[in-house]
Amino acid sequence: NLDMVTLRSTDEKISNAIQDAIDAIQMGASLTHRLLILSHRQGVGLERLDLNDRVTGTLELLRRTLGEQVAVSLRLSPDPCQTSANPGDVDNAILNLAINARDAMFNGGTLTIETRNVTLDADVARRIANARPGDYVMLTVTDTGHGMSPEVLKHAMEPLFTTKEPGKGTGLGL
């Protein structure tokens, strides 16, 4: 219906308002899609993959997205980091963390992505929610940005929490 009004209207204010509505609808649809994925995440499209390959595969996209002011440094495990995951989810996680890091580095800086194989013993696993002792792969993303205040850090992993202005993010990055 909005497309039909756009075709019939010659008023620029109306066309702009309609385009804003269409953009809001598309953003809402995208958010709904992502929430549905999160709610049904178990076992969806899992593949055996090497985390090192996923990181290097996103490198060019990261460099273009982050711009020239952000240097990207990789510290990849010399050993394969085999895991079972959805490749798109891994790529999205890396990209979202990188964009959050870029936004925290106002005047540029360095984004470092590290992979490694880790073994959690019973003591360490007890300190991590839902963790069990065993072998895991670890992805660490660090940056030289300003960091999070203690108050923001308390909420950083809440599903819809964001510090970004309306229209600047969904709050689903972390």
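Output yes when any residue across the stretch 146-158 is crowded, with 16+ Cβ neighbours inside 10 Å and at negative phi, and no when none is. No. Step by step: first the residues of the stretch 4-48, then only those that are assigned to a loop (DSSP other than H, G, I, E, B) and open to solvent by less than 80 Å² (accessible area, probe 1.4 Å), then the one that is modelled with the highest pLDDT. Which residue is that? Here the residue is 11. I'd like the full set of residues that are modelled with pLDDT of 95 or more, open to solvent by less than 50 Å² (accessible area, probe 1.4 Å) and under 21 Å from residue 153 (Cα atoms), limited to the stretch 129-140. Across the stretch 129-140, the qualifying residue is only 140.
Pairing each residue of the stretch 121-136 that is over 25 Å from residue 52 (Cβ atoms) with any residue that is open to solvent by less than 90 Å² (accessible area, probe 1.4 Å) and at pLDDT 95 or above, provided the two are 6+ apart or on different chains, yields C-beta distances under 7 Å for 122/133.
The values are calculated or read from the model by the stated rules, or taken from the named source; none is laboratory data. These numbers were taken from a predicted model, which means no experiment stands behind them. Neighbour counts run over all protein chains shown; Cβ positions are idealised from the backbone, glycine included. The area values use the complete protein model at the heavy-atom level, side chains included, leaving out ligands, DNA and RNA. Shrake-Rupley method; radii C 1.70, N 1.55, O 1.52, S 1.80 Å.
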